[in-house]
Amino acid sequence: MASSYSEVYGAWKRDAEAFWAEAAREIDWFRPFDRVFDPQQGVYGRWFPGGETNTCFNCLDRQIASGRADQNALIYDSPVTGTVEHWSYGAMLDEVVALAAVYRELGIGKGDRIIIYMPMIPQAVFAMLAAARIGAVHSVVFGGFAASELATRITDSGAKLVVSASCGIEAGRIIAYKPLLDAAIEISHHKPAHCLVFQREMLKADLQADRDIDFASAVASTRERGVNVPCTPVLATDPLYILYTSGTTGQPKGVVRDNGGHMVALKWSMQHFFGIKPGEVFWAASDIGWVVGHCYIVYGPLLNGSTAILYEGKPVGTPDAGAYWRVIEQHAAVTLFTAPTAFRAIRKEDPQGDLIRHHDLSKFRALFLAGERADPDTVAWAEAKLGVPVIDNWWQTETGWPVAGNPIGLELLPVKYGSAAVPLPGYDVQVLDDAGHPVGSGTLGNVVIKLPLPPGCLPTFWNADERFREACLAEFPGYYRTADAGYIDADGYIFIMSRTDDIINVAGHRLSTGSMEEVCASHADVAECAVIGIADPIKGQVPAGFLVINANVSRETGEIEKEVIGLVRDRIGPVAAFKTVICVKRLPKTRSGKILRGTMQKIADCESWKMPATIDDPVVLEEIAAALQARGIGV
Ligand code: COA
Ligand code: AMP
């Protein structure tokens, strides 16, 4: 069995189908697949067509059958409620079956969509697995999104059911979820038949008699009646979930994940990338609303027979910057996976890492960082303070598992700061210029992946094959366009530097400046606007909005700025962290009318910039610089 990175990557390159057929042996199939890959199916081909399986079966029933009934599947650690709960594989199956029975009794079947809008509580994980058990398709919506974002997802997915909770808890305040849910359903073009609401003690929600059902009583009822729900066989190519992510327009893209390829890829990654053994405790400090949460809080660890941690807290403030070290020690976690922003927040509070020394981290083996570029400073600090390898890994909601990273499960390659290391098997990563020609090593360009994408990556967008083709496959024929810019050095190390579209990364959260512009422009007094991402020492980037006010408006600009900030918070959500808005006389444009957002961003970030040759009026950039400086930005 090959073990070094170059042997394993080489084996995949020589015969990708044999490689994935071997990896697929780690999954239980009810019916074997007809072929490993069929290039004729789907938009660019499909993995494991004809195979029948079930993701919940592989996560729970199969683990129990192999003796893990009493092993912890999930540890719920919630500093915000002062709770720690241990859920064994056996106990979790019991909950999931009871909930799957509730779904069934509500008329949900194979292929039906269920929206899950929940905080970080075990019931959210049960809700995902119960959907998988009956072949329903879940779509988890992050709690920090506003009602209209939730409404878009309800409409696009055509969900029959929403599973939610009465509240979430954020930095000492209780966020009532139910009013957001009610508002979302009110404005949604599609109305789900039912909402299953988990009532939390800190805040109970009012339930609507004709639509809302109490989660706990419904589950108690099916359990008391002993309703059994076996796993529904689904095709490997059937969808397991839809995860909406920011696209280049305000309309989010529904990334589809299938059942078979997803399991094969995740299981492979748990063992060979993360180097996690069954029985070990793996912690991904993300949120189940993001792809990292789907893959590495829920499905990856369970498919691997490991123990996952579900952490309802923050890296700082719950109660302090030692929270992560407390969790690692208390639950004997061998690895932590989070976003660099969390480490920047910890470092700000505890620059010397004094709180780390209060804890026994002897079992801790590695730190994985993803979600945004891992800046060399943060990596060096974490390495020095923790004394373990810090593994930057690059991927996207679309890919569903790491494209590149230092494959510690195979071998630890030399670390290069600022690089996400090498491509993993399955991914032929290349860098092309705008005309689609390969560039030399060290040259910045469009980072693309040669088709076909490996198992686990998106086969398409939900109900939108054409949009998928157009957005991801059309620009560079034969390749998937990642919309990231970067370069590959002479040793084959990948450096991801920025996006090539309007996406910004705020505290590891992916957001579209285009959708923020749509909201700003909807304010009656705004004639024109531009939103850019500017550097932030903790969050990496934060949005900054520039507004040109209608000529006939005589109100205080400060008032309008506040209203626009409120609008973005209401329509997109607090997660956008949209707090900087500046009214300006005009926006810098090219002669053809294109707003020079890139140059504005360079001025704000104090980067060197050249006067664009096509600029209409160079004085406007001076006005922008002065407006930024008046706010203490770009000085
Ligand atoms: N429900 C409701 N509101 C939420 C929310 C949720 N699930 N998650 C975040 N918010 C709110 C926050 O309360 C905050 O509101 P505020 O503007 O009123 O303060 C806003 O959305 C922005 O949240 P966040 O980006 O999390 O900023 P923060 O200042 O609260 O915390 C960090 C900053 C770095 C500590 C935090 O982002 C973090 O822990 N990141 C870890 C990385 C991570 O989870 N990445 C995901 C991909 S791996
Ligand atoms: P998301 O779909 O939310 O996971 O965001 C994916 C985007 O985040 C990528 O396209 C990158 O722009 C960025 N990203 C994620 N991980 C990394 C990384 N390790 N290095 C650089 N950028 C990253």
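If you plug the beta carbon distance of A551 and A625 into 1/(1 + (r/R0)^6) with R0 = 30 Å, you get a FRET efficiency near 0.80. Normalised by the number of residues in the stretch 509-630, the mean separation of alpha-carbon contacts (under 8 Å, six or more apart) gives a relative contact order of 23 percent. Packing here is the average count of other Cβ atoms within 10 Å per residue, and on that basis the peptides 426-436, 176-186, highest first, run 176-186, 426-436. Volume per residue for the stretch 28-184 equals 139 cubic angstrom (convex hull of Cα atoms). Sorting the segments 446-458, 35-47, 146-158, 514-526 by their mean number of nearby beta carbons within 10 angstrom, highest to lowest, gives 446-458, 146-158, 514-526, 35-47. For the stretch 460-546, the calculated P(r) over all alpha carbon pairs, in 10 Å bins from 0 to the bin holding the longest distance, is 15, 32, 34, 16, 2, 0 percent. Distance between the C-alpha centres of the stretch 115-143 and the stretch 239-302: 13 Å, rounded to the whole angstrom. Most simply put, the chain has about 60% antiparallel DSSP beta bridges, counting only bridges with both residues inside it. Treating the stretch 578-635 as a set of equal point scatterers at the Cα positions, no solvent, please give the Debye-formula log₁₀ I(q)/I(0) at q = 0.14, 0.30 Å⁻¹. Relative scattering, expressed as log10 I(q)/I(0), comes to -0.35, -1.40.
So, with a 1.4 angstrom probe, what is the percent of accessible area on the chain that is carbon and sulfur? Heavy-atom surface of the chain belonging to carbon and sulfur, 1.4 Å probe: 51 percent.
Could you give the distance between the Cα centres of the stretch 585-607 and the stretch 401-446, to the whole Å? Cα centres, the stretch 585-607 to the stretch 401-446: 31 Å.
Net charge around T443, counting only other residues with Cβ within less than 11 Å of its Cβ (Lys, Arg = +1; Asp, Glu = -1)?
Cβ neighbours under 11 Å give a net charge of -2.
For the chain, a crude dipole built from +1 on the beta carbon of Lys and Arg and -1 on the beta carbon of Asp and Glu, taken about the Cα centre, is about 180 debye to the nearest 20. Extending 7 Å from the Cα toward the beta-carbon at both A21 and E85 defines two label points whose distance is 4.4 nm. Taking every alpha-carbon pair under 8 Å whose residues sit at least 6 apart, the chain reaches a relative contact order of 12 percent.
Please go through the residue pairs K585/K610; K110/K191; K178/K539; K539/K602 and name each one whose alpha carbons sit more than 24 Å apart in this structure. Pairs exceeding the cut-off: K178/K539.
Taking a point 7 Å out from the Cα of I615 in the direction of its Cβ, none of the residues of the stretch 565-584 has a backbone N less than 14 Å from it. Averaged per residue, the chain has 37 square angstrom of accessible surface, using a 1.4 angstrom probe with ligands and nucleic acids left out. Suppose R0 equals 41 Å. What FRET efficiency, 1/(1 + (r/R0)^6) with r the Cβ-Cβ distance, do R223 and Q41 give to the nearest 0.05? For R223 and Q41, the calculated efficiency is 0.55. The lysines whose alpha-carbon is closer than 16 Å to the alpha-carbon of K267, local same-chain residues fewer than 8 away aside, are K277. Other residues with beta-carbon under 15 Å from the beta-carbon of D465 carry, at +1 per Lys or Arg and -1 per Asp or Glu, a net charge of -1.
Please state the relative contact order of the stretch 280-412 as a whole percent: Cα pairs under 8 Å, 6+ residues apart? Spell out each step's value before the answer.
Details: 205 pairs, mean separation 28.6, N = 133.
Worked out over the stretch 280-412, it gives 22 percent.
Add +1 for every Lys or Arg and -1 for every Asp or Glu among the other residues with Cβ under 15 Å from the Cβ of A183, and state the total. Walk me through the intermediate numbers first.
Numbers: positive: R153, K178, K191, R211, R569, R571; negative: E149, D182, E186, D206, D212, D570.
Spelling it out: positives minus negatives among the neighbours equals 0.
Mean projected area of the convex hull spanned by the Cα atoms of the chain, taken over all viewing directions: 28.1 nm².
Among the cysteines of the chain, those with no neighbouring cysteine Cβ under 4.7 Å are C56, C59, C167, C195, C231, C295, C457, C472, C583, C606.
Across the alpha-carbon atoms of the stretch 509-630, the computed radius of gyration and Dmax are 14.0, 39 angstrom. Set against the 2.2 N^0.38 Å expectation for a compact globular protein, the stretch 124-228 has a Cα radius of gyration ratio of 1.07.
The values are calculated or read from the model by the stated rules, or taken from the named source; none is laboratory data. For clarity, every value in this text was computed on a predicted model and none was experimentally measured. Because the Cβ atoms are built from the backbone with ideal geometry, glycine has one as well, and the counts that use them run over all protein chains shown. Quick note on the areas: whole protein, heavy atoms, side chains included, nothing else; ligands and nucleic acids left out. Shrake-Rupley method; radii C 1.70, N 1.55, O 1.52, S 1.80 Å.
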